[in-house]
Amino acid sequence: MIAKAFVMAVSIAAIGAAATVRSTELGKAGITPAPCPDQAWEEADSTFEALPDAKVSFGHYDGGTYRLEIPEKWNGELVLWAHGYVASAGAQGSRLRVGVPGVGQGSPFREHLIERGFAWAASSYRCNGYVPGRGLLDTMALTDLFAKVNGKPASRVYLTGVSMGGHVTLLGMQEFPASFAGGLALCASGPGEMDFLTSVAAASELVTGVTVK
């Protein structure tokens, strides 16, 4: 379903003009991300193996740790993957991890992108917690990193993500619409969901007389 939805989003986006991320946009007035939790961050190992007929890059950058993959038959386009919420508390709360596009183990989304010629890039973000603004800026910064690694910028950039990454996607499409050729928010969290959860909690307290924590 994810693969089909992405193909549909890409097909619609292809009607529009090509768009690339301009680094000067990252300081656009009005984008003031919430500060990261005040704690020491540790970057997990980001090494991973390339799929057949592709090459990878991974390591540290200003936005934390990153991974990217480029197929040999690259179509000139780049997909930015924004991951979901990672708690900043607990035994692993300070550990920054970066995954690959898709949801769950064995997701075919990454293979789908590479087989169809799309390069992709993903970030751990520079901190954990519910930080969609920070996640957006750290994810967008991957575009310039990709151009340096690849030696050539992408002709089109797409933004997609799940849960909080869906919130990142919606925020990116709202605040930087000219930076992306298309976006796909998967099971997006955000203000609407938060309002709903707050309303449900308030209603349940009223009905039961029990305080929801």
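Some observations on this one:
- Conditions (1) β-branched (Val, Ile, Thr); (2) within 21 Å of Ala50 (Cα to Cα); (3) open to solvent by less than 70 Å² (accessible area, probe 1.4 Å); number of the one not met by Val103: (3)
- Filter result for Arg67 (open to solvent by 20 Å² or more (accessible area, probe 1.4 Å) and either without any contact (Cβ under 8 Å) to a residue 24 or more places away in the chain or more than 21 Å from Cys187 (Cβ to Cβ) (or both)): yes
- Criterion violated by Phe6 - all others in (1) more than 18 Å from Tyr125 (Cβ to Cβ); (2) at pLDDT below 95; (3) surrounded by fewer than 20 Cβ atoms within 10 Å (Cβ to Cβ) satisfied: (3)
- Identification of helices (runs of 4 or more DSSP H) wholly contained in the stretch 89-190 with 1 or more residues that are over 13 Å from the mean Cα position of the chain (by Cα) and closer than 29 Å to Glu42 by Cβ yields 109-115, 142-150.
- Here Ala181 meets the list (1) modelled with pLDDT of 95 or more; (2) of a type outside the set (Lys, Arg); (3) touching a helix residue (DSSP H, G or I) at 6+ places or on another chain (Cβ under 8 Å); (4) under 26 Å from Arg97 (Cα atoms) almost entirely, failing just condition (4).
- Restricting attention to the stretch 75-99, the residues being within 11 Å of Ala121 (Cα to Cα) and free of Cβ contacts under 8 Å to residues at least 60 places away in the same chain number 2.
- Taken as a whole, the condition of being among the polar types (S, T, N, Q), over 15 Å from Gly102 (Cβ atoms) and at pLDDT 95 or above applies to Ser155.
Condition check ((1) closer than 26 Å to Glu72 by Cα; (2) open to solvent by less than 10 Å² (accessible area, probe 1.4 Å)) across all residues:
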{"residue": "Ile114", "(1), (2)": "yes, no"}
{"residue": "Ser123", "(1), (2)": "yes, yes"}
{"residue": "Pro132", "(1), (2)": "no, no"}
{"residue": "Leu136", "(1), (2)": "no, yes"}
{"residue": "Leu145", "(1), (2)": "yes, no"}
{"residue": "Lys148", "(1), (2)": "yes, no"}
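The values are calculated or read from the model by the stated rules, or taken from the named source; none is laboratory data. Just so we're clear, the structure is a prediction, and the values are computed from it rather than from any experiment. When we count neighbours, we look across all protein chains shown, and the Cβ atoms used for this are built from the backbone with ideal geometry, even at glycine. Ligands, DNA and RNA are stripped out before the accessible areas are found, and what is left, the full protein with its side chains, is counted by its heavy atoms. Shrake-Rupley method; radii C 1.70, N 1.55, O 1.52, S 1.80 Å.
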